[in-house]
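Colleague: One structure, pasted below without further comment.
Derivation of every value follows stated rules applied to the coordinates shown; laboratory data play no part. Keep in mind that this is a model prediction, so the values were computed, not measured. Don't worry about glycine lacking a Cβ; one is built from the backbone with ideal geometry, like all the others, and counts go over all protein chains shown.
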Amino acid sequence: MAKVLAFLADGLEDVEALAVIDLLRRARVETTTVSIKDDNLVTTSHGVMLHADKKFDEINFDEYDVLFLPGGGVGTENLFNCEKLKEKILEFDKAGKTLAAICAAPSVFGRMGLLKGKKATCYPGFEEQLLGATPTGERVVTDGNYITSKGMGTAIDLGLELIKVLVSEEKSEEIAKQVQYK
């Protein structure tokens, strides 16, 4: 089964990270939270302290199939400024592995030039940073190995889409029913 790395950076949007992580774990998708700092403790955009499972340098990236980037304006900038993370994004892209992001975070992929010719979505106002992509405005967009989502209100949609892609449509529907979604 696929294994996911969820990257936590100071200033991340709480619900965008936690809703997706929660749903993946409910579906028994191994999901490891990773701090991009030299400290496991990350402060969200709303002052919530999260303790990441691991720090960046503790990860064996060969064991994982998916990189997930939560949004939040400050969190996204911190992710974009992490050169080690951008190197891994490039490696995962080259290998055709799944790259997922929500809210402002799809702009990381866009500014890296990775969304050229792809459909994508993001938080309104960040479309110009999806360089070369066709912004759709949809809640969640899957195009090739990229899965993008609009924002906090679409975090459950993103989690369920990841489950559908990584496990099965049946499992996604089962989890949606379990959490009383739709």
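Colleague: When all C-alpha to C-alpha distances in the chain are sorted into bins of 5 Å, what percent of pairs does each bin hold, rounded to whole numbers?
Modeller: With 5 Å bins starting at 0, P(r) equals 1, 9, 19, 23, 23, 16, 7, 1.
Colleague: Work out the length of the dipole vector of region 1-107 about its Cα centre, built from +1 on the beta-carbon of each Lys and Arg and -1 on the beta-carbon of each Asp and Glu, and round it to the nearest 20 debye.
Modeller: Around 280 debye, computed over region 1-107.
Colleague: Using the structure shown, list the pairs from Lys84/Lys116; Lys97/Lys182; Lys119/Lys150; Lys55/Lys84; Lys37/Lys150; Lys3/Lys164 with a Cα-Cα distance above 18 Å, or answer none.
Modeller: Going by Cα-Cα distance, Lys84/Lys116; Lys97/Lys182; Lys37/Lys150 fall outside the 18 Å limit.
Colleague: Summing Lys, Arg as +1 and Asp, Glu as -1, what charge do residues with Cβ under 12 Å from the Cβ of Gly144 carry, Gly144 excluded?
Modeller: Residues near Gly144 contribute +2 overall.
Colleague: Could you work out the local net charge near Met1, counting Lys and Arg as +1, Asp and Glu as -1, over the other residues with Cβ closer than 13 Å to its Cβ?
Modeller: Every neighbour counted, the sum reads +1.
Colleague: Considering only the other residues whose Cβ falls under 12 Å of the Cβ of Ala155, what net charge follows from Lys and Arg at +1 and Asp and Glu at -1?
Modeller: Surrounding charge for Ala155 is -4.
Colleague: Another question about this same structure. Hey, can you rank 144-153, 69-78, 92-101 by average C-beta count inside 10 Å, highest first?
Modeller: Those peptides, ordered most packed to least, come out 69-78, 144-153, 92-101.
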